[in-house]
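Heads up, the thing below is written out as structure tokens.
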Amino acid sequence: MRVCVFIDGSNFYKSCERNLGRTDVSLTGFANMLVGATRDLVRTYYYMSRLPADAAVEHRQGQQRFINVLDRLPYVEVRYGKLVPREDVCQSCGAKHRRWQEKGLDMRIGVDMLAQASKDNYDVAILVTGDGDLCEAVQAVKDLGKHVEVATFRNGRSDELATVCDVVTELTTAEMTPLLLKQQ
């Protein structure tokens, strides 16, 4: 079975932060763990947005170091969305705050999953996200005769996404800890 892994970077980052207290996971090791020894990894797609120019220099530099590492990983493709500014109003004090919101990544993941499925580039898609916005894309890929698995931590996972996927892999701290790059 040929497998492509599709990682929603922002969702994965936040899930690792929340569940592991860290984000320095070996993506190569992670993808290989998901695929297992009896299947073949075709490619891993990692989806993210670049920080805006007005983000703190140390954050932008850290992200660039991460991107440089991703660019050197074999069989990993990085796909970019965009960040757009949004203005929120604090309900308790009325103060306005600007925040950045990712746009276009869910659509990009869904399009890539469908495009690669329609080209028969994989038999199984493993989707790493908890985001229920991808349910329609998952169903469309399944309608093309492909299998779709989701891998995510239990908290923050959409029940609808878990229902539409063929297999749900619940990530645990125990299995993720050996994949951390800097052992403490």
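The numbers here are math on the coordinates, done by the rules we state, and not lab data. Everything quoted here is computed from the prediction, not taken from an experiment. Glycine gets a Cβ as well: all are built from the backbone with ideal geometry, and neighbour counts include every protein chain shown.
List of remarks:
- A cut-off under 10 angstrom between Cβ atoms defines the neighbours of V5, and their net charge, with Lys, Arg +1 and Asp, Glu -1, is 0.
- Counting beta carbons within 10 Å around each of L73, L144, L114, L134 and listing the fewest first gives the order L144, L73, L114, L134.
- Of interest is the spacing of the C-alpha centroids, which for region 24-60 and region 145-184 amounts to 14 Å.
- Multiplying the residue separation of Q101 and V78 by 0.36 nm and removing their Cα-Cα distance gives an extension gain of 6.4 nm.
- Computed log₁₀ I(q)/I(0) - Debye formula, equal Cα scatterers, no solvent, the chain, q 0.12, 0.13, 0.15 Å⁻¹: -0.60, -0.70, -0.92
- Over region 2-179, Cα pairs under 8 Å with separation of 6+ residues give a relative contact order of 24 percent.
- In terms of its C-alpha gyration tensor, region 90-184 comes out oblate, because a/c is 1.5 or above while a/b does not outweigh b/c.
- Of the beta bridges in the chain, as assigned by DSSP with both residues counted there, near 25 percent are antiparallel.
- Charged-residue dipole, Cβ positions (Lys, Arg, Asp, Glu), the chain about Cα centre, Debye nearest 20: 640
- ³J(HN,Hα), Karplus 6.51/-1.76/1.60, whole Hz, each residue of region 32-48, x for Gly, Pro: 5, 4, 5, 6, x, 7, 9, 10, 10, 7, 8, 6, 10, 10, 10, 10, 7
- The residues neighbouring T173, those whose beta-carbon lies less than 14 Å from its own, together hold a net charge of 0 under the Lys/Arg +1, Asp/Glu -1 convention.
- In region 2-179, a dipole from Cβ-located charges (positive for Lys and Arg, negative for Asp and Glu) runs towards its positive end, and of V148, G9, V57 it is V57 whose Cα lies farthest in that direction.
- Crossing angle, helix 57-72 versus the chain [Cα axis fit, 0-90 degrees, rounded to tens]: 10
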